[in-house]
Amino acid sequence: MRKPRLWLLALLAGSLSSVQAQDIASDNLLTRLQSRYPKTRFTAVNASPLDGIYEVVMGKNIAYTDAKGDFFLFGHVMDMANQRDITADRKKALQRIDFNALPTDSAITYVQGNGQRKMAVFSDPDCPYCRQLEVELAKLDNVTIYLYPYPLDGLHPDAMKKAISVWCSSERAQSWRDLLIHHIQPAGGMCDNPVAMNRQLAEKLGIFGTPTIISADGRQTSGALKASELDDWLDRMQ
């Protein structure tokens, strides 16, 4: 019985060595690319299904390169046997956000109905699509909404002041909806607030437009969706 066990151990050791070698090669290639192309934000290099070709992750974009990083391929890798777009699947995975890592203490919280379903929304108080979305959000049932004030100063110069004023109001949730739905200006003044940090958080997550909506399983969507569309989207938990 010893020989088969030794053979199995040798096989496992060889497999582990192969995986470790791939990891080392990927790490070395990432360092090389970062040094060679300092203006490009390379975030990861991974082995691909193609021999000698590596997947290169640049934020939420994907390309492919050789082991030396001399040549790049931009496009989609297809698994023809299973009729699967490997690149598209990887991009979807990269776009997912760790919902549980979001700082909910930086959000205005709405619990509607039993609050069982959860979502996060990055919204600008002067964004017309955000105003339309807020009307629909108020119609939802059995949902907890974490609303992150995210003013886009370049487009809406007064949005930062309004967002801070809402946060400093005694009733933040009501004040936000009064502003976006009924155009009632918030009565709050200045106080310690997370609005600037929310902007940093959004940019870190790759969110540069409003409204952006995140589901509890990390999916993203955007725009002034209707309540029925939001219901369907929330119920498609993966």
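The values are calculated or read from the model by the stated rules, or taken from the named source; none is laboratory data. No experiment lies behind these values; they were computed from the predicted model shown. Cβ atoms come from the backbone with ideal geometry, glycine included; neighbour counts cover every protein chain shown.
Of the residues that make up segment 134-145, is at least one in contact with a Lys or Arg (Cβ under 7 Å, 6 or more places away or on another chain) and touching a residue at least 60 places away in the same chain (Cβ under 8 Å)? Yes, that holds for at least one residue. Would you be able to say whether some residue in segment 124-138 is polar (S, T, N, Q) and touching a helix residue (DSSP H, G or I) at 6+ places or on another chain (Cβ under 8 Å)? No - not one qualifying residue is present in segment 124-138. Considering only segment 173-198, state which residues are surrounded by 15 or more Cβ atoms within 10 Å (Cβ to Cβ), out of contact with any Lys or Arg (no Cβ under 7 Å at 6 or more places or on another chain) and modelled with pLDDT under 95. Residue satisfying the conditions is G188 alone. The sole residue among D105, D70 that is surrounded by fewer than 16 Cβ atoms within 10 Å (Cβ to Cβ) and either free of Cβ contacts under 8 Å to residues at least 24 places away in the same chain or part of a strand (DSSP E or B) (or both) is D70.
Taking segment 203-221 as the region of interest, how many residues are surrounded by 17 or more Cβ atoms within 10 Å (Cβ to Cβ), farther than 13 Å from L102 by Cβ and among the hydroxyl-bearing types (S, T, Y)? Qualifying residue count for the region: 1. May I ask you to verify whether L230 is in a loop (DSSP other than H, G, I, E, B) and either within 13 Å of the chain's Cα centre (by Cα) or within 22 Å of N142 (Cβ to Cβ) (or both)? Taking the combined requirement at face value, the residue does not satisfy it. Out of segment 120-151, which residues are more than 21 Å from A187 (Cα to Cα) and not in a helix (DSSP H, G or I)? Hits for segment 120-151 are A120, V121, F122, A138, K139, L140, D141, N142, V143, T144, I145, Y146. Across segment 108-145, the number of residues qualifying as within 18 Å of V195 (Cβ to Cβ) and surrounded by fewer than 17 Cβ atoms within 10 Å (Cβ to Cβ) comes to 1. Residues in segment 156-171 that are surrounded by fewer than 19 Cβ atoms within 10 Å (Cβ to Cβ) and part of a helix (DSSP H, G or I): K161 alone. Of the residues making up segment 30-49, those that are surrounded by 13 or more Cβ atoms within 10 Å (Cβ to Cβ) and more than 22 Å from K204 (Cα to Cα) are R32, A47, S48.
For segment 27-39, state whether one or more residues are among the hydroxyl-bearing types (S, T, Y) and part of a strand (DSSP E or B). No, that holds for no residue.
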